[in-house]
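Note sheet for the following structure.
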Amino acid sequence: MEINESPRHKGLRKRLIDGLKIKGIRNEKVLDAIGKVPRHLFMESTFLQFAYKDQAFPIGAGQTISQPFTVGMQTQLLEIEKGEKVLEVGTGSGYQAAVLLEMGARVFTIERQKELYNKVHKFLPEIGYNPACFFGDGYKGLPNFAPFDKIIVTAGAPCVPEDLKFQLAINGRMVIPVGSEHRQEMTVVIRVTENEYKIEKHGDYVFVPLLKGTVNF
Ligand code: SAH
């Protein structure tokens, strides 16, 4: 990644990584991946002072780029191995997808807002990231491409969507924030057998809501 990249960006990212370690992101592969993705390029303008702060930030269309700690935690809980097929629901800025690609995953990502989809599926390849981008309703997943080794939902869901459960491979893991509009519990759903699922809970978060259907602007 050589686009718009300076020692200053690298230095700020190193500081961000040091902060994430202290907050509990321990998986070295996750920290390395976050250390490689130029987060400042994923924002509306180059707000350098915000790009490498550990906070969420508006990306337009009423949406946000997730806080790096949240990206780190969700990615750590996914337990990604190189070459795994991963479905992301909620492309947003494309930042989380880039982190997954840096970990060697094959990424399929869905966004329900046309404006964000249009922007990101052009922008990501320009900076060297090539996930398969889809415009659609993530509640339905991508049945034609299932099963997935891992599924990550980056918006707060009222419950675990049935369609997504069925699109998990056996032994696959889904990481999804589940709860009310104001607070969600980070939930890991593991498909143990064809019909059995195991659920783990990993603390409280606040995400923008997972909404049904698509919007054409
Ligand atoms: N992963 C993103 C975070 C995006 S915020 C990033 O790294 O920047 C959540 C995103 O989920 C928003 O872009 C929102 O439009 C999208 N979203 C909400 N409901 C959705 C649905 N049903 N299907 C697909 N995307 C959805």
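The values are calculated or read from the model by the stated rules, or taken from the named source; none is laboratory data. Because the structure is predicted, anything quoted here is derived from the model rather than measured. Glycine also receives a Cβ, built like all others from the backbone with ideal geometry; neighbour counts cover every protein chain displayed. To get the accessible areas, we keep the full protein, side chains included, count just its heavy atoms, and leave off ligands, DNA and RNA. Shrake-Rupley method; radii C 1.70, N 1.55, O 1.52, S 1.80 Å.
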**OP:** Give me a count of the residues in the range 194-217 that are touching a residue at least 12 places away in the same chain (Cβ under 8 Å), over 25 Å from Q76 (Cβ atoms) and open to solvent by 50 Å² or more (accessible area, probe 1.4 Å).
**Re:** 6
**OP:** Kindly indicate which of L100, L116, L124 is at pLDDT below 95, under 23 Å from P58 (Cβ atoms) and not basic (K, R).
**Re:** L116
**OP:** Would you check if there is a residue in the range 25-37 being open to solvent by less than 10 Å² (accessible area, probe 1.4 Å) and over 16 Å from the mean Cα position of the chain (by Cα)?
**Re:** no
**OP:** Grab the helices (runs of 4 or more DSSP H) fully contained in the range 1-116, keeping just those with 2 or more residues being within 10 Å of the ligand (Cβ to nearest atom).
**Re:** 68-78, 95-102
